[in-house]
1. As an exercise, identify the GluC sites (Glu not before Pro) in segment 13-67 lying in DSSP coil whose Cβ has no more than 14 other Cβ atoms within 10 Å.
2. Pulled fully out, how much extra length does the chain show between Val105 and Arg210, if you take 0.36 nm times their separation in residues and subtract their Cα-Cα distance?
3. Given 20 °C and 1.002 mPa s, compute D for segment 7-149 with the Stokes-Einstein relation, Rh being the Kirkwood radius over Cα pairs; round to the nearest whole µm²/s.
4. Cut-off is 10 Å between beta-carbons; in what order do His54, His64, His26 appear when sorted fewest neighbours first?
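Coordinate-derived values only; no laboratory data. Keep in mind that what you see is a predicted model, and the values were worked out from it rather than measured. Every residue, glycine as well, gets a Cβ built from its backbone with ideal geometry; the counts of neighbours run over all protein chains shown.
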Amino acid sequence: MAHSVDIYGGLDPREAPVYSVREAAHYLRMPASTLRDWVRGRRYATTDGERDWHPIVDRTTALHERLSFLDLVQASVLASIRREHKVVVPRIRRAISYVKKELGVERPLLEQTFETDGASLFVKSFGHLVNASDEGQLAMEQLLRASLQRIDRDERGIANRFYPWHVAPTEERRVIVIDPKKLFGRPAVANTRIPVDVLVDRNKSGDSERLLAADYEIPLEDVQAAIAWGSRAAAAA
């Protein structure tokens, strides 16, 4: 009888350190240097000596160079806000601290309660910090909730699948999925086990998008979206 092999040594696949910072940054459409600061922090020089700039993402892989799926999800929530609203890190940090205190949870960006209650708390806190208008706060909350809708959760409310944006934050179709329990967390076409990088490689080798759609029996528009997303990531590498 065949036995399954636990490649993660008993560790939840969502907490396994599998993504480099550069790789994760491509998936989130953000500079690798920015993500590196978010997840690792850095030291910087001042006239009074060196100081520590602390991370804003509460990593599950704090003792490892690589990031986990849960680290990726936390960063994705913040990346969408920062990209569209030019949010600065100190204000993000204070808003997260406020939500932690109000919700009483260690990593609010990963919790179901953040989707239901925490989003409003975050935006309310941030709005006070920047004196944002009611319209500005509403726009930010709508974007934040749209980002949270790109995350599927398990019965405990913890993220277990993530659908990165492949066009823009106003585009809602879920074409690409990152599932830590499938394909070792490699991006794939949603509802399939077809890795995005396989489609990109075959297309670069001369296979047309129509041929790939026929070969894998998936909609042409999904093939096109996956190749476009995967090519952008590869070009940024």
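1. Glu65
2. Gain in length upon complete extension: 33.0 nm.
3. Rounded to a whole number, D works out at 135 µm²/s.
4. Lowest to highest Cβ neighbour count: His54, His64, His26.
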